[in-house]
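Student: Below you'll find the structure I mean.
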Amino acid sequence: MVRRAKDQALQFRQVSRRALIVGIGQVGILGIIGWRMRSLQIEDADQYRLLAEENRINMQLIPPSRGMIFDRNGALLADNEQNYRLVITREEAGDPVEAIARLANEIELDPDDIGRALSEMEQKAPFIPVTLKEHMSWEEVAFININAPALPGIRSEVGLSRHYPFGADLAHVVGYVGPVSDYDLSRTNDPDPLLRIPRFQIGKTGVENKLEQSLRGKAGSRQVEVNASGRVIRSLGQIDSAAGEDVQLTIDTSLQSYAQDRLAGESASAIVMDIETGELRCVASAPTFDPNQFVRGISVENWSALNEDPYRPLAAKAFQGAYPPGSTYKMIVALAALEAGVIGPEETVYCPGFVDVGETRFHCWKRGGHGNVNLHESLKQSCDSYYYEVSQRVGIDAISRMAHRFGIGVRHELPLSAVAQGLNPTREWKRDVRDEAWRVGDTVNASIGQGYVLASPLQLATMTARLASGRNVTPQLVKSGVGPDPWPVSTALPINENALRRCRAAMEDVVNHNRGTAYRSRILTPEHRLAGKTGTSQVRRITPEERALGIIDNKDLPWARRDHALFVGYAPFDSPKYSIAVVVEHGGGGSSAAAPIARDIMLQALFEGQPPLEAYPEGQRSQISEQQRRLRLRAMSPNQARDRT
């Protein structure tokens with residue numbers, strides 16, 4: 001009995017120890033839990049309160065109104081118009097396929113839009129509305145609103161959409177907007193959440209694209225309370241969006257519209273620049289297109305037509321095109337030669353109609369030659385042989401340096417898409433790019449603006465403005481609205497003024513002397529006298545066999561094999577105000593195709609409207625009168641949104 005009592009006492013002590021250990025463990029666990037509960041409820045309370053609030057309150061972005069674009073006189077070039085959208089909400093509409101099919105009997109719906117909407121509905125919550133159609137007519141909006149009880153889940157909404165009142169006239173300059181694509185997102189590091197909004201539109205080309213950040217504006221926000229499924233219960237507050245900045249361009253819309261009309265039917269371009277400020281008054285490329293088609297969604301048929309047109313309406317030829325400048329480049333060679341002192345202004349070169357360089361014969365455009373010509377006559381009559389000879393004396397290095405001073409081979413910084421740099425070739429360029437040595441024949445070709453030399457109409461207008469003023473004029477497109485002062489002060493070019501005067505005098509005779517190549521395109525009012533230079537650049541090689549039999553006339557060649565026609569000029573001669581460059585692709589000759597267009601556009605700029613018939617040569621006045629009447633009729637079309645494709 002005594003042993004049993006001892007065993008029981010020992011067993012009791014063992015159980016008590018175990019109970020104590022378990023109890024201590026339980027107390028420890030409870031302590032940890034209590035500490036954690038205190039941490040969650042007191043120390044981390046603010047953090048979890050915020051998380052719970054974010055689950056209950058959502059932030060919605062409010063898209064801003066896009067900044068508007070104006071011309072120099074305040075004409076609206078890009079604005080925001082009301083856009084009535086047709087939207088459908090899946091959970092309210094029941095079977096969306098059936099609902100859309102019923103609606104299609106009353107309202108025209110694009111099959112592509114239907115397919116996109118159905119796909120979007122599958123990816124989004126059933127209570128989120130999906131756009132079924134943009135830009136509904138007022139009649140369609142009225143039908144939806146009147147029949148709302150019979151169309152559950154279908155309603156109209158109003159928003160803003162970009163609109164271009166002048167349509168095709170400024171398509172290449174202003175550009176257009178379009179929905180943000182995956183490609184757009186892949187090309188940008190822009191963190192703006194606006195880009196993630198479905199169907200949010202950004203600038204795709206032109207000023208719309210290059211000034212996107214300023215035009216876009218800043219998003220606003222709306223706080224809304226939502227339930228567990230994400231449905232909006234009520235609005236809690238709102239911060240309004242900030243509209244984008246307005247932009248004023250230097251373009252004169254009336255001059256631009258005239259130029260587009262004057263270029264109609266050609267694959268061509270024209271640039272008019274203010275010589276004092278560098279303002280671009282006209283940047284016209286033809287043919288063109290209606291940018292409103294892209295905003296609303298261009299059809300496959302229209303897109304194919306634009307892409308397959310051999311005249312390339314989508315190309316902004318005025319600043320994207322790069323062409324051999326032809327004889328418009330001869331002033332550069334003349335200035336380089338005068339500066340180097342390799343020829344005097346009165347020294348003559350004999351032109352028999354060709355110059356032999358090694359085993360190669362380079363021909364002048366005039367088969368019988370010009371005889372003895374000095375610098376003045378070489379420009380006035382556009383003698384090629386003179387420049388073949390002079391260029392060999394001066395060399396490509398001096399010619400390239402002079403061309404650079406006048407803006408050839410320079411990409412001018414403008415808010416435009418794909419501004420061409422052109423090509424101002426040098427020995428180093430040919431060695432690096434073509435892995436070939438520069439040859440004398442390359443210099444001879446370059447002397448008449450052929451070979452490797454390439455220039456855009458924008459560069460040619462800049463070159464001419466610098467020739468006329470003797471100053472480092474820089475092209476400008478933005479008059480006000482964004483960025484710093486748009487007009488940097490131009491400085492004097494390091495060119496001998498006497499050499500410039502000789503080139504200007506020759507350019508005056510090109511237009512006003514009866515032996516000048518542009519004599520038929522002169523201006524008769526003395527205070528508006530035009531000076532300029534014609535140019536014709538070959539796009540094909542003339543074989544010795546063809547030359548022996550007689551060169552085929554441009555009009556007898558297929559369009560794509562004809563020469564390009566060019567003209568550069570400025571006016572008035574005594575007090576230069578505007579420079580101009582016109583390029584007519586495959587136009588034939590600069591004197592016949594480009595010079596008349598340049599003269600007409602220049603007169604329109606000088607007179608700020610329709611010039612009097614007295615400004616034209618008498619034999620051309622009836623033709624000009626008919627032309628003016630025809631252009632006036634075109635200008636009377638609604639909203640000036642004329643499609644010149």
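Since every read-out is calculated from the coordinates, none of them should be taken as a lab result. Note that the structure is a prediction, hence the values are computed from the model and not measured. Note that each Cβ is placed from the backbone with ideal geometry, even for glycine, and that neighbours are counted across all protein chains shown.
Student: Applying 1/(1 + (r/R0)^6) with R0 = 45 Å to the Cβ-Cβ distance of Ala505 and Glu546, what FRET efficiency is obtained, to the nearest 0.05?
Tutor: On the way: r = 37 Å, r/R0 = 0.82.
Between Ala505 and Glu546 the formula returns 0.75.
Student: Going highest first, how would you order 337-348, 142-153, 84-95 by mean Cβ packing within 10 Å?
Tutor: Packing order, densest peptide first, comes out as 84-95, 337-348, 142-153.
Student: What number, rounded to the nearest 500 deg cm²/dmol, is the helix-based mean residue ellipticity at 222 nm of the chain, given -39500 (n - 2.57) per DSSP H run of at least four residues and division by all its residues? Please list the in-between numbers first.
Tutor: On the way: 24 runs with 240 residues, N = 645.
Mean residue ellipticity, 222 nm, calculated: -11000 deg cm²/dmol.
Student: On to the next question. List the lysines whose Cα sits under 22 Å from the Cα of Lys330, skipping any in the same chain fewer than 8 residues away.
Tutor: Lys366, Lys380, Lys430, Lys533
Student: Okay, moving on. Please report the net charge: other residues with Cβ closer than 13 Å to the Cβ of Val141, K and R +1, D and E -1.
Tutor: Working: positive: Arg85, Lys133, Arg155; negative: Glu106, Glu134, Glu139, Glu140, Glu157.
Once all neighbours under 13 Å are counted, the net charge is -2.
Student: Sticking with this one: Provide the packing ranking of 440-448, 405-413, 454-462, 73-81, i.e. peptides ordered by the mean count of other C-beta atoms within 10 Å per residue, highest first.
Tutor: Details: 440-448: 22.7, 405-413: 20.1, 454-462: 29.2, 73-81: 16.3.
Answer by packing, highest mean first, reads 454-462, 440-448, 405-413, 73-81.
Student: Given an 8 Å cut-off on Cα distances and at least 6 residues of separation, report the relative contact order of the chain as a percent. List each step's numbers first, then the result.
Tutor: Details: 1258 pairs, mean separation 89.1, N = 645.
Worked out over the chain, it gives 14 percent.
Student: Count charges around Arg216 for me, please; just the other residues with Cβ under 14 Å from its Cβ, Lys/Arg as +1, Asp/Glu as -1. Intermediate results must be reported in sequence, preceding the final value.
Tutor: On the way: positive: Arg66, Arg162, Arg196, Lys204, Lys210, Lys218; negative: Asp184, Asp190, Asp192, Glu208, Glu212, Glu245, Asp246.
Charge balance in the 14 Å sphere: -1.
Student: Okay, next question. Which net charge results when you count Lys and Arg as +1 and Asp and Glu as -1 among the other residues whose beta-carbon is under 13 Å from that of Gln248? Present the calculation step by step, with values, prior to reporting the outcome.
Tutor: On the way: positive: Arg72, Lys479; negative: Asp71, Glu245, Asp246, Asp252, Glu279.
Net local charge, Gln248 excluded: -3.
Student: I need the shape label for the range 82-161. Rule: rounded when a/c is under 1.5, else prolate if a/b > b/c, else oblate, with a, b, c from the alpha carbon gyration tensor. Kindly include the intermediate steps, with their values, before the conclusion.
Tutor: Values: a/c = 1.45, a/b = 1.26, b/c = 1.15.
It comes out rounded by the Cα gyration axes.
Student: I'd like to verify something in the chain: which complete DSSP H helices, judged by Cα projection on the helix axis, reach 24 Å or more and average at least 0.0 on the Kyte-Doolittle scale? Present the calculation step by step, with values, prior to reporting the outcome.
Tutor: Numbers: long enough: 2-38 (53 Å, 0.11).
Going by DSSP H runs, the hits are 2-38.
Student: Now, a different point. Compare the peptides 503-512, 302-311 by average per-residue count of other Cβ atoms within 10 angstrom and give them in order, highest first.
Tutor: Final packing ranking: 503-512, 302-311.
Student: For the range 416-554, what relative contact order do you get, as a whole percent, if you take Cα pairs closer than 8 Å and at least 6 residues apart?
Tutor: On the way: 109 pairs, mean separation 19.5, N = 139.
Once normalised by length, the contact order is 14 percent.
Student: Lysines within cross-link reach of Lys124: Cα-Cα under 23 Å, excluding same-chain residues under 8 positions apart?
Tutor: Of all the lysines, those that pass the test against Lys124 - Cα under 23 Å, at least 8 places apart if same chain - are Lys133.
Student: Over all directions, what mean area does the Cα convex hull of the chain project, stated in square nanometres?
Tutor: Working: hull surface 197.5 nm².
Projected area, direction-averaged: 49.4 nm².
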